[in-house]
Amino acid sequence: MSILYAITDSHLLPGDKLFSAVEAALQAGCKWIQYRDKSNDQEKRIQDAQQLVVLCNQYQAALIINDDVQLAVTVNAHGVHLGQEDGSPQAARKLLGDDAIIGVTCHDSLAFARQAINDGASYIAFGRFFPSHTKPNAKSAKFTLISEAKFQFPGTLVVVIGGITLDNAHLLLDAGADKIAVCHELFSASNVKRVAEKFISLRSL
């Protein structure tokens, strides 16, 4: 299982750069791509997501839509990632089906994680663990949260996010994280494929 969970950014990846960068990550072996676009241009978001679903299918990878269950349904995406204010995993599961990947932002809270799991989430996401370009004001989380979650919720995938770089990712993996969600360090790189390969290789070090 690839540890890299790539999260797109509409500012870092304008226009067709989105597709070339995502394909580079897929070529490196990334199996989870999250489409994150906070704009109000729904037509663009649908077109982007449709193309990304096709790309991900070509590489036997999953496209997960950030915060928008209806968009995930519209483009037949493989899953959705929900914030605490974005609806319930149960409702998303009814719309997307039993095989959908449904993740939930849990910030620094084991209580949020427990609720998400009880509601049928496929994975729980904690963070931020380091200063973040994408969410600079997000509340910080402690490394011990990862091991506590692995102990309390055995069998549940734990995703970590927030300021993750090639230099600090090993700290989160050593603490027990299953997947590292990366945006800026990956998609601001001049060679996305090479950086993705380096992240993926961290598991085997």
- Message: Can you tell me which of (1) within 18 Å of the chain's Cα centre (by Cα); (2) surrounded by 15 or more Cβ atoms within 10 Å (Cβ to Cβ); (3) in contact (Cβ under 8 Å) with a residue 40 or more places away in the chain is the one residue 133 doesn't meet?
- Response: (2)
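Residue-by-condition table, conditions (1) touching a Pro at 6+ places or on another chain (Cβ under 7 Å); (2) of a type in the set (Val, Ile, Thr); (3) assigned to a loop (DSSP other than H, G, I, E, B):
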| site | (1), (2), (3) |
| --- | --- |
| 158 | no, yes, no |
| 163 | yes, no, yes |
| 189 | no, no, yes |
| 196 | no, no, no |
| 199 | no, no, no |
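When you go through 138, 113 one by one, which is the residue that is buried (at least 16 other Cβ atoms within 10 Å of the Cβ), more than 15 Å from the chain's Cα centre (by Cα) and closer than 21 Å to residue 9 by Cβ? Walk me through it before giving the result.
On the way: 113 fails: closer than 21 Å to residue 9 by Cβ.
Result: 138 is the single residue among 138, 113 that is buried (at least 16 other Cβ atoms within 10 Å of the Cβ), more than 15 Å from the chain's Cα centre (by Cα) and closer than 21 Å to residue 9 by Cβ.
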- Conditions (1) of a type in the set (Gly, Ala, Ser); (2) within 20 Å of residue 187 (Cβ to Cβ); (3) not in a loop (DSSP other than H, G, I, E, B); number of the one not met by residue 132: (3)
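Taking residue 37 as the residue in question, decide whether it is surrounded by 20 or more Cβ atoms within 10 Å (Cβ to Cβ) and either closer than 29 Å to residue 118 by Cα or in contact with a strand residue (DSSP E or B) (Cβ under 9 Å, 6 or more places away or on another chain) (or both).
On the way: surrounded by 20 or more Cβ atoms within 10 Å (Cβ to Cβ): yes; either closer than 29 Å to residue 118 by Cα or in contact with a strand residue (DSSP E or B) (Cβ under 9 Å, 6 or more places away or on another chain) (or both): yes.
Yes.
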- Item | Qualifying positions in the stretch 61-104 - among the β-branched types (Val, Ile, Thr), free of Cβ contacts under 8 Å to residues at least 24 places away in the same chain and surrounded by fewer than 22 Cβ atoms within 10 Å (Cβ to Cβ) | 73
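Conditions (1) basic (Lys, Arg); (2) farther than 26 Å from residue 200 by Cβ; (3) at pLDDT below 95, marked per residue:
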{"site": "15", "(1), (2), (3)": "no, yes, yes"}
{"site": "47", "(1), (2), (3)": "no, yes, no"}
{"site": "53", "(1), (2), (3)": "no, no, no"}
{"site": "57", "(1), (2), (3)": "no, no, no"}
{"site": "71", "(1), (2), (3)": "no, yes, no"}
{"site": "74", "(1), (2), (3)": "no, yes, no"}
{"site": "83", "(1), (2), (3)": "no, yes, yes"}
{"site": "86", "(1), (2), (3)": "no, yes, yes"}
- Task: Give just the number: which of (1) in contact (Cβ under 8 Å) with a residue 12 or more places away in the chain; (2) surrounded by fewer than 18 Cβ atoms within 10 Å (Cβ to Cβ); (3) among the β-branched types (Val, Ile, Thr) does residue 124 not satisfy?
- Result: (2)
- Message: If I filter the stretch 138-156 for residues that are among the small types (Gly, Ala, Ser), touching a Phe, Trp or Tyr at 6+ places or on another chain (Cβ under 8 Å), part of a helix (DSSP H, G or I) and within 28 Å of residue 20 (Cβ to Cβ), do I get at least one hit?
- Response: no
- Note on the structure: Taking the stretch 9-33 and the residues there that are crowded, with 23+ Cβ neighbours inside 10 Å and not aliphatic (A, V, I, L, M), the one that is nearest to residue 196 (Cα to Cα) would be 30
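The values are calculated or read from the model by the stated rules, or taken from the named source; none is laboratory data. The shown structure was predicted, so the numbers you read here are calculated from the model rather than taken from an experiment. Backbone-built Cβ (ideal geometry, glycine too); neighbour counts: all protein chains shown.
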